[in-house]
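All remarks here apply to the structure that follows.
The values are calculated or read from the model by the stated rules, or taken from the named source; none is laboratory data. What you are looking at is a predicted structure, and each value in this text was computed from that prediction instead of being measured. With ideal geometry, Cβ positions are generated from the backbone for all residues, glycine too; neighbour counts draw on all protein chains shown. Protein only, heavy atoms only, side chains kept; ligands, DNA and RNA dropped before computing areas. Shrake-Rupley method; radii C 1.70, N 1.55, O 1.52, S 1.80 Å.
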Amino acid sequence: RRLADTSSSSNLIHFARRHLSSTTPVSNFDKLGCIGLGLMGHGIAQTAATAAAKDNIHSSIIAYETDQKFLDSGRDRIQKSVDKLVSKEKLTSSHADELMGKITFTTDRDALNDTDLIVEAIIENMDLKKQLYSDLGKQCKPETVFASNTSSLSITKMAEASGRPDKFVGVHFFNPVQIMKLVEVIRTDYTDPTVFDNTVKWVDQIGKVAVKCGDTPGFIVNRLLVPNLIQAVLMLERGDATTHDIDISMQLGAGNPMGPLHLADYIGLDTCLFIMQGWVNDFPDERAFVVPEMLKDKVAKGELGRKSGKGFYDWNGDRRGDPVE
């Protein structure tokens, strides 16, 4: 399913191709902007800075947060991660200093105005993202490319809000960013092919493996993974099998490192619900998208999995206990 199949979207695409592609895309993303330094954003900034210090692919990286306390928290996360690498002798002190020196931490959004690529990793709220991109589209230089790290929201809708949909892509990193190699690079019907190719090249330059995908709900990984987790919940809800037997079956029978209910707990049941409920709302006729009552009930009771200490399993921190039957 495409997210731009309405007549109004078709008109916008036609307009974009005729009028918005007159600005030649930059061939290299010399100056990078990172918006949001939370769980994902700080990892993206660190990964880019590591590559910049090693191969000089970026002259500078602008790390932006709206609030000083969030900025300080993001800086501390990066510093602690870098210090850990130094202590394990995986990074020299001089390389660590060069890495940190590549990043400029700021709460001044105007510092992003002349960046070549901006990667956004703020909270998964479409209204907030659309407003952000509307503002950025007005303030940044015409050549700046925007990239959202969303895991499940429509890239097309954000691209339309930006006023420069031909220079908009998705770049979905995986947690923890510093370790996970995969990045899904998402194109819409608007995306300039050169912009898309340059983004794929950038992902390679920062040491990740890029896979290409259109703007389908959940892209590749989550489109396949989340419905699988939901089917496991439905099996449990119907009483087809126990939590233990569902999970051990997928481990020993399919070679998965952990079962689907274990993984749902690890991800967070609220996150699973948020993703699937969004898809159900946007695509009510898609039979693969369904929200189990059991999942809604657990989230309503605060049983969110690992993060709350209880979900389909009991948890003690990151240590999984026995199934909750």
Quiz item: How do the pairs read when you match residues in segment 124-143 that are touching a residue at least 60 places away in the same chain (Cβ under 8 Å) with residues anywhere that are of a type in the set (A, V, I, L, M) and not in a helix (DSSP H, G or I), using Cβ under 7 Å and keeping only pairs 6 or more apart or on different chains?
Solution: Glu124/Leu153; Leu132/Ile122; Glu143/Val26
Quiz item: Given the conditions (1) of a type outside the set (A, V, I, L, M, F, W, C); (2) within 18 Å of Gly36 (Cβ to Cβ); (3) open to solvent by 60 Å² or more (accessible area, probe 1.4 Å), and given that Glu124 satisfies all but one, which numbered condition is not satisfied?
Solution: (3)
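State all residues of segment 102-121 that are among the polar types (S, T, N, Q) and open to solvent by less than 50 Å² (accessible area, probe 1.4 Å); if no residue qualifies, say none. Spell out the reasoning first.
Let us first name the residues in segment 102-121 that are among the polar types (S, T, N, Q), namely 104, 106-107, 113, 115.
Correct list: Thr106, Asn113, Thr115.
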Self-check item: Whichever residue in segment 120-154 is part of a helix (DSSP H, G or I) and of a type in the set (Gly, Ala, Ser) and, among such residues, is farthest from Gly218 (Cα to Cα)
Solution: Gly137
Quiz item: So which residues in segment 220-244 are hydrophobic (A, V, I, L, M, F, W, C) and either closer than 16 Å to Glu293 by Cβ or out of contact with any strand residue (DSSP E or B) (no Cβ under 6 Å at 6 or more places or on another chain) (or both)?
Solution: Val221, Leu224, Leu225, Val226, Leu229, Ile230, Ala232, Val233, Leu234, Met235, Leu236, Ala241
Quiz item: Quick one: in segment 174-212, which of the residues that are in contact with a helix residue (DSSP H, G or I) (Cβ under 6 Å, 6 or more places away or on another chain) and hydroxyl-bearing (Ser, Thr, Tyr) is nearest to Tyr266 (Cα to Cα)?
Solution: Thr188
Quiz item: For segment 304-322, how many residues are open to solvent by less than 40 Å² (accessible area, probe 1.4 Å) and more than 19 Å from Leu273 (Cα to Cα)?
Solution: 2
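Just to be sure before I move on: is Pro227 closer than 22 Å to Trp279 by Cβ and open to solvent by less than 20 Å² (accessible area, probe 1.4 Å) in the structure I sent? Quick ask: steps written out before the conclusion?
Details: closer than 22 Å to Trp279 by Cβ: yes; open to solvent by less than 20 Å² (accessible area, probe 1.4 Å): no.
For Pro227, the condition - closer than 22 Å to Trp279 by Cβ and open to solvent by less than 20 Å² (accessible area, probe 1.4 Å) - is not met.
Residues checked against (1) out of contact with any Cys (no Cβ under 7 Å at 6 or more places or on another chain); (2) assigned to a loop (DSSP other than H, G, I, E, B):
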site	(1), (2)
Phe29	yes, yes
Leu32	yes, no
Gly38	yes, yes
Ile44	no, no
Ala49	yes, no
Ala53	yes, no
His58	yes, yes
Ala63	no, no
Exercise. Return yes or no: is Ile230 modelled with pLDDT of 95 or more, under 17 Å from Ile118 (Cα atoms) and of a type in the set (Val, Ile, Thr)?
Key: no
Quiz item: For segment 59-91, which residues satisfy the criterion of being farther than 14 Å from Phe105 by Cβ and within 21 Å of the chain's Cα centre (by Cα)?
Solution: Ser81
Quiz prompt | Selected residue (only one of Lys130, Lys167 is crowded, with 24+ Cβ neighbours inside 10 Å, touching a helix residue (DSSP H, G or I) at 6+ places or on another chain (Cβ under 8 Å) and at pLDDT 95 or above) | solution = Lys167
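A quick yes/no check of all residues on (1) aliphatic (A, V, I, L, M); (2) surrounded by 15 or more Cβ atoms within 10 Å (Cβ to Cβ):
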position	(1), (2)
Thr199	no, yes
Gly239	no, no
Ile246	yes, yes
Phe283	no, no
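Given the residues Arg164, Arg238, which is the only one that is basic (Lys, Arg) and closer than 27 Å to Val280 by Cβ?
Values: Arg164 fails: closer than 27 Å to Val280 by Cβ.
That would be Arg238, the only listed residue that is basic (Lys, Arg) and closer than 27 Å to Val280 by Cβ.
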